[in-house]
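*Asks:* Got a structure for you, questions after.
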Amino acid sequence: MSMGRDVAARARSLLAEIDALRAEVSREGRRLAAGWRPRLARDAFAGSVLNLAHYLVLRRHDLRPLQRRLMTLGLSSLGRLEGRVLATLDAVAPALAALAGEPAGARRHPSERQFFRGEARLARNAAGLFGPPPRGRPGRIMVTLGSEAAGDPALVRGFVAVGADAFRINCAHDGPAEWEAMVANARAAGAAIGRHLPILMDIGGPKVRIGAVAMPAGTKRVHAGDSILLCRALGGDAPEAEVAITCSMPEILDRIAVGDTVSLDDGKLSGRIVGAADGGYVIRLEHGRLDGIRLKPEKGLNFPATDLGLDPLTAKDRADLDFIVGHADLIGHSFVQTAGHVAALQAELAARTPDWRRLGLVGKIETPRAVRNLPEIIVQAAGQQPFAVMIARGDLAVEMGFARVAEMQEEMLWLCEAAQVPVIWATQVLETLVKEGLPSRGEMTDAAMAARAECVLLNKGPNVGGAVEILDRLLHRMGGHQLKKTPTLRALLSWAGATDGAGWRPLFFHVGG
């Protein structure tokens with residue numbers, strides 16, 4: 001067989017696969033989207049829902065063999081189709097048809113507008129939630145305001161001066177008086193530069209924490225290999241020689257069982273329930289920091305594989321919503337895990353203000369259950385109001401295990417792009433820089449990868465202003481190289497000295513106070 005006939009035969013075989021795949025994705029995608037239609041109050045989200053459905057159907061398949069065969073013919077490997085599923089298949093088919101010898105014009109290419117329509121929708125959605133992107137970088141920078149921001153307007157203005165685009169207030173801390181002052185300072189900082197700077201207010205949710213702690217005399221820390229008694233109350237029949245703790249929500253002891261995994265202090269130690277004792281459970285610690293941890297009240301207590309049956313809206317959250325709906329642009333929904341949780345929050349918003357759909361909603365994805373239900377969460381939320389997803393990597397790492405966080409954050413980025421839903425990249429971004437004044441090498445790489453999200457969240461700390469400044473410069477640089485999964489081939493200047501004598505130009509960092 002000649003080379004030409006071989007190429008034509010391979011193209012015909014691939015074209016048949018693409019046609020069959022396209023037909024299945026279109027048919028099953030329409031069926032899936034039809035089931036979601038009753039949840040859609042926003043017509044603007046209808047096209048995005050259909051693309052999300054197409055993507056979910058497509059990803060039922062292992063496409064790796066097909067991808068490699070397409071690559072050998074110099075065609076798209078389909079690896080960047082999240083925002084344009086059918087358009088990508090429709091762009092590949094005519095090229096294959098031409099190689100297979102079909103008559104010219106037998107198949108139509110999608111127009112440029114059709115091909116990039118999903119990208120444009122995502123950009124509009126991000127601008128609606130976070131404001132237009134700053135010149136030169138696609139991503140926004142959001143700063144968490146600490147208590148000191150309530151009494152220091154200059155501090156907030158300083159964040160804006162070095163690149164902050166939005167602010168977050170965590171309602172698990174402070175109270176309405178402090179929140180009102182923070183909001184006023186943020187609004188004034190935006191007015192001073194002629195920009196509206198969106199404010200996200202997080203409701204705290206049902207965070208399970210260690211209650212009281214009892215340690216044997218001379219014991220200060222616990223380590224992997226130790227055992228802990230988790231009980232309803234200290235004292236009673238518990239041996240004094242045991243390390244014992246209580247829980248801030250004792251009702252969860254009715255939901256856990258022997259064999260369940262347990263994590264302490266945001267994953268610093270983890271283990272398993274190995275037995276029942278004294279009306280509680282014995283936890284055997286198995287993994288964690290070599291130097292152990294000091295058990296303290298209010299430290300986190302997680303049961304990653306267990307459905308604790310907790311309502312993500314606490315009584316405090318409902319009270320906080322009364323303030324939030326009158327002051328915030330965005331509401332952060334902590335520990336949301338199902339579409340039903342989203343609907344319950346939306347009902348609370350509707351009871352407080354008739355124009356609740358103007359408020360943006362941010363779903364904080366923090367548990368394996370939320371990851372599994374993410375498509376349904378997106379449809380319920382974005383079908384009713386502007387919506388973004390926060391990849392809350394701290395709790396997610398504790399709940400899913402540190403080894404899986406990198407994989408899951410990638411998959412969530414892809415899924416959100418398919419739904420044309422903006423993403424906030426959160427938790428420990430430039431953390432050592434924020435807290436200690438200098439970044440680690442690894443977190444600089446992490447921050448560079450954050451350029452694929454529409455917004456990056458910095459937590460509070462003594463050097464957060466310096467972190468904003470560095471992140472602003474880093475996102476400017478990375479924005480020229482990467483758009484979601486697609487590398488963009490801007491001119492490389494690092495090796496310009498090979499041709500023009502300019503030499504290598506590193507990115508220098510100036511750390512401000």
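The values are calculated or read from the model by the stated rules, or taken from the named source; none is laboratory data. Here the structure is a predicted model, which means the values were calculated and not measured. Cβ sites come from the backbone with ideal geometry, for glycine too, and all protein chains shown count toward neighbours. Surface areas here come from the heavy atoms of the whole protein model, side chains and all, with no ligands, DNA or RNA. Shrake-Rupley method; radii C 1.70, N 1.55, O 1.52, S 1.80 Å.
*Asks:* Rounded to the nearest 10 Å², what accessible area does Ser270 have for a 1.4 Å probe in the complete protein model?
*Replies:* For Ser270, the solvent-accessible surface is approximately 30 Å².
*Asks:* While we're here: Mind listing the phi-derived Karplus ³J(HN,Hα) values for segment 126-134, rounded to whole Hz, using 6.51, -1.76 and 1.60 with θ = phi - 60°, and x for any glycine or proline?
*Replies:* Karplus-based 3J(HN,Hα) across segment 126-134 equals 5, 5, x, 8, 10, x, x, x, x Hz.
*Asks:* Placing one identical point scatterer on every Cα of segment 235-373 and ignoring solvent, what is log10 I(q)/I(0) from the Debye formula at q = 0.10, 0.12, 0.15, 0.18 Å⁻¹?
*Replies:* For segment 235-373 at q = 0.10, 0.12, 0.15, 0.18 Å⁻¹, log10 I(q)/I(0) is -0.46, -0.63, -0.86, -1.07.
*Asks:* Per-residue HN-Hα couplings for segment 309-316, Karplus 6.51 cos²θ - 1.76 cosθ + 1.60 at θ = phi - 60°, whole Hz, x for Gly and Pro?
*Replies:* x, 8, 6, x, 9, 8, 4, 5
*Asks:* What do you get for chymotrypsin sites (Phe, Trp or Tyr not before Pro) in segment 1-101 restricted to DSSP loop and a cutoff of at most 10 other Cβ within 10 Å of the site's Cβ?
*Replies:* Within segment 1-101, no chymotrypsin sites (Phe, Trp or Tyr not before Pro) qualify (loop, at most 10 other Cβ atoms within 10 Å).
*Asks:* Here's a follow-up. Can you list the HN-Hα couplings for segment 291-299, worked out from phi with the Karplus curve (6.51, -1.76, 1.60; θ = phi - 60°), rounded to whole Hz and with x for Gly and Pro?
*Replies:* Values per residue, Gly and Pro as x: 8, x, 9, 9, 6, 9, x, 6, 6 Hz.
*Asks:* List the longest stretch of the chain that has no exposed loop site; here a site is one of the GluC sites (Glu not before Pro) assigned by DSSP to anything other than H, G, I, E or B, with at most 13 other Cβ within 10 Å.
*Replies:* Counting at most 13 other Cβ atoms within 10 Å as exposed, the longest clean stretch of the chain is 1-239.
*Asks:* Return the subset of Lys296/Lys364; Lys296/Lys460; Lys268/Lys316; Lys296/Lys435; Lys207/Lys364; Lys220/Lys460 for which the Cα-Cα distance in this structure is over 24 Å, preserving the input order.
*Replies:* In this structure, Lys296/Lys364; Lys268/Lys316; Lys220/Lys460 exceed 24 Å between Cα atoms.
*Asks:* Against the empirical 2.2 N^0.38 Å scaling, what ratio does the C-alpha Rg of the chain come to?
*Replies:* The chain yields a ratio of 1.10.
*Asks:* Continuing with this model, one more query. Just need the relative contact order of segment 3-83 here, percent rounded to a whole number, with Cα pairs under 8 Å and 6+ apart.
*Replies:* 30
*Asks:* Another question, then. Compute the distance in nm between two label points, each set 7 Å from the Cα along the Cα-to-Cβ direction, one at Ala224 and one at Glu410.
*Replies:* Taking the two extended label points, one gets 2.5 nm.
*Asks:* What's the carbon and sulfur percent of the chain's accessible surface, probe 1.4 angstrom, rounded to a whole number?
*Replies:* Using a 1.4 Å probe with all protein chains present, the chain comes out at 54 percent carbon and sulfur.
*Asks:* For segment 372-468, count all C-alpha to C-alpha pairs, find those more than 17 Å apart, and express that count as a whole percent of the total.
*Replies:* Summing the P(r) tail past 17 Å for segment 372-468 gives 54 percent.
*Asks:* What residue among Met412, Ala154, Asn302 has its Cα farthest toward the positive end of the dipole of the chain, where the charges are +1 on Lys, Arg and -1 on Asp, Glu, each on the Cβ?
*Replies:* Met412
*Asks:* Taking amide H positions as placed in the peptide plane 1.01 Å from N, state which residues far from Gly332 in sequence (5 or more) or on other chains have amide H under 5 Å from it.
*Replies:* Residues meeting the criterion, in which the H sits 1.01 Å from N, are Met201, Asp202, Ile203, Val362.
*Asks:* Still on this structure, I have one more. So what does His61 come to for accessible area, using a 1.4 Å probe and Å² rounded to 10?
*Replies:* In the full protein context, His61 sits at about 70 Å².
*Asks:* Follow-up. Sort all Cα-Cα distances of segment 133-178 into consecutive 5 angstrom bins from zero, then give the percent of pairs in each bin up to the one containing the longest distance.
*Replies:* 5, 20, 28, 21, 13, 8, 4, 0
*Asks:* Follow-up. Taking 8 Å as the Cα distance limit and 6 or more residues as the minimum spacing, I'd like the relative contact order of segment 229-310 as a percentage.
*Replies:* 31
*Asks:* Which FRET efficiency value, to the nearest 0.05, is calculated for Arg108 and Arg60 with the Förster distance at 22 angstrom and r the Cβ-Cβ distance?
*Replies:* 0.25
*Asks:* Given the convex hull of the Cα atoms of segment 100-212, what is a quarter of its surface area in nm²?
*Replies:* Quarter of the Cα hull surface area: 13.4 nm².
*Asks:* Using a 1.4 Å probe and ignoring any ligands, DNA or RNA, find the accessible area of Ile193 and quote it in Å² to the nearest 10.
*Replies:* Probe radius 1.4 Å; accessible area of Ile193 about 90 Å².
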